[in-house]
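Notes for the one structure printed next.
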Amino acid sequence: METATETEQNPLRDLDDLDAIRIPVEPAEEKEHVFRDYAAEARSTVREFYRLNHTYQTLEFARARRQEFLPGKHGEMGIWEAMEYLNTLVDDSDPDTDLSQIEHLLQTSEAIRAKGLPRWFILTGLIHDLGKILCLFGEPQWAVVGDTFPVGCAYSDKIVYSEFFEANPDIRVEEYQTTCGIYAEGCGLDSIVMSWGHDEYLYHVVKPFLPEAGLYMIRYHSFYPAHTGKAYNWLMNDHDREMFEWVRAFNPFDLYSKNKVKPDIAALKPYYEELIAEFFPAKIAW
Ligand code: FE
Ligand code: FE
């Protein structure tokens, strides 16, 4: 049997290539030959990414990973330290057009700050992707990024590339393929096992420190089938529905704050160090 190569395990050049299928291409840009080639290439790597994700994200896998990555197994780090650590993720893509992880975090938080939103909201923007350090702990991309979805119940057709679930062993487990699967209708999202990734991991890491609305934003920001596709309403309780207004309010800051003006990291650091200290101890368990 062949072993998977690095590219087979990690088809994306850059974790942010996933957004290539989400942000509509401006008609003017579409005419540019170079851009179109890049978009086509990004699309095929995104497809391959979701093929792996949908094949391997089973209920058993998600449960096991959640257990394995309980906070504390990877030592202690401060928030800013974790941001710098995440920034060491190798990015082969064009440095002129792509943002580093730390720049994406700062652009998100700065966009929230510019709207005069509460300090915990700004902080949530700053940290929302820190769970991607899972990649540095050796997790393949398909177990870190991409849209998330509940496991242990039928897959919604609102999940991107849902045809790839054909290869997931759970599709042949009858109990998992009814609408509610192993869950009770209206049981609430906290009782659901979500596909494993950076959202769920970071939620467990920062749970003791942030207000609930911020925790919802972190835990469900990649749950596009629900916050954008409006699927899985049957799993939610009224409290989830109320909290999802926050998840939806957060989404544009994550998706559309990306621009070419790079934030001045050194100039912003003192403001953010103070904000971090307001909510977090000097070091937390990862
Ligand atoms: Fe994210
Ligand atoms: Fe993000």
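Read-outs throughout are calculated quantities, based only on the coordinates presented, and are distinct from any laboratory measurement. Source: prediction; values computed, not measured. Counting neighbours? That spans all protein chains shown, and the Cβs are built from the backbone with ideal geometry, glycine included.
How far is it, in nm, from the label point at Val261 to the one at Glu84 when both lie 7 Å from their Cα along the line to the Cβ?
2.7
Determine the gain in length on full extension of the stretch Glu163-Arg43; use 0.36 nm per residue of separation and subtract their C-alpha separation, reporting nm with one decimal.
41.6 nm
Only helical DSSP H runs with n ≥ 4 go in: add -39500 (n - 2.57) per run for the chain, normalise by residue count and round the 222 nm mean residue ellipticity to 500 deg cm²/dmol.
Numbers: 12 runs with 129 residues, N = 286.
One gets -13500 deg cm²/dmol as the mean residue ellipticity at 222 nm.
For a Förster distance of 25 Å, can you work out the FRET efficiency between the beta-carbons of Glu103 and Phe137, rounded to the nearest 0.05?
0.70
Would you mind computing the Rg to Rh ratio of the chain from its alpha-carbon coordinates, Kirkwood style for Rh? List each step's numbers first, then the result.
Values: Rg = 18.7 Å, Rh = 19.7 Å.
Answer for the chain: 0.95.
So for the chain, averaging the separation of alpha carbon pairs under 8 Å that are six or more residues apart and normalising by length, what relative contact order in percent results?
On the way: 385 pairs, mean separation 75.6, N = 286.
That works out to 26 percent.
May I ask you to give the average projected area over all directions of the convex hull of the Cα atoms of the stretch 159-278, in nm² rounded to one decimal?
Averaging across all directions leaves 9.7 nm² for the Cα convex hull.
Going by Cα centres, the stretch 174-192 and the stretch 210-233 are how many Å apart?
Cα centroid of the stretch 174-192 versus Cα centroid of the stretch 210-233: 17 Å apart.
Just want the ordering: Thr7, Thr45, Thr124, from fewest to most Cβ atoms lying within 10 Å of their own Cβ. Walk me through the numbers before you get to the answer.
Details: Thr7 11, Thr45 19, Thr124 28.
Result, fewest neighbours first: Thr7, Thr45, Thr124.
Students often get this wrong, so check it: of Lys115/Lys230; Lys132/Lys262; Lys207/Lys258; Lys115/Lys258; Lys73/Lys230, which have C-alpha atoms separated by over 24 Å?
Listed pairs above 24 Å: Lys115/Lys230; Lys207/Lys258; Lys73/Lys230.
Please give, to one decimal in nm, the separation of the simple spin-label points placed at His74 and Thr179, each 7 Å out from Cα toward the Cβ.
The answer from the label model is 3.8 nm.
Fewest first, what order do Thr178, Thr228, Thr58, Thr5 take by the number of other Cβ atoms within 10 Å?
Working: Thr178 11, Thr228 15, Thr58 19, Thr5 8.
Fewest-to-most Cβ neighbours within 10 Å comes out as Thr5, Thr178, Thr228, Thr58.
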